[in-house]
Amino acid sequence: MSEILTAHRSEKAATNPVQYGKVKYFCRQRGHGFITPDDGSDDIFFHISDIEGEYAPRHGDDVTYKLCHIPPKMEKLQAIHVVITHLGPGTHERWDQPPSPQDSDQAFLHVTQ
């Protein structure tokens, strides 16, 4: 049942306008990250299952995304349909490559700086 509700929210959010931002943090091992919107609003959570494309995102990547309200109260927002539009600095891993051991450490460094 929850998969049906999740799919419905995703379909509904697909009609929302495209947003723009930069990846602030992403960790493949944890399966999530945050985007800093270009409009200066609060950072937005995103999940690994909502990323489209062949590369794992890294700090500094330009992305587009759409916003979706998340349960239980439908007050918070999550980025879905996340697409990297410009690769930032550094080496990018493809999804078919195993995560590098530094993935968690590098992601943590960018959040704490």
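Rule-based calculations on the coordinates, nothing more; no lab input. What you see is a predicted model; the values in this text were computed from it and never measured. Neighbour counts are summed over all protein chains in view; Cβ atoms, including those assigned to glycine, are modelled from backbone coordinates with ideal geometry.
Structure notes:
- Backbone N within the stretch 47-70 under 20 Å of label point (7 Å from THR85 Cα along the Cβ vector): 47, 50-68
- Exposure proxy ranking, count of Cβ atoms within 10 Å, fewest first, for GLU93, GLU75: GLU75, GLU93
- Length gained when the stretch GLU54-VAL18 is fully extended (0.36 nm per residue, less Cα-Cα span): 11.0 nm
- The ranking of VAL82, VAL23, VAL18 by Cβ neighbour count inside 10 Å, starting from the fewest, reads VAL18, VAL23, VAL82.
- Among ARG58, ARG28, ARG94, a tally of other beta-carbon atoms within 10 Å of each Cβ gives an order, fewest to most, of ARG94, ARG28, ARG58.
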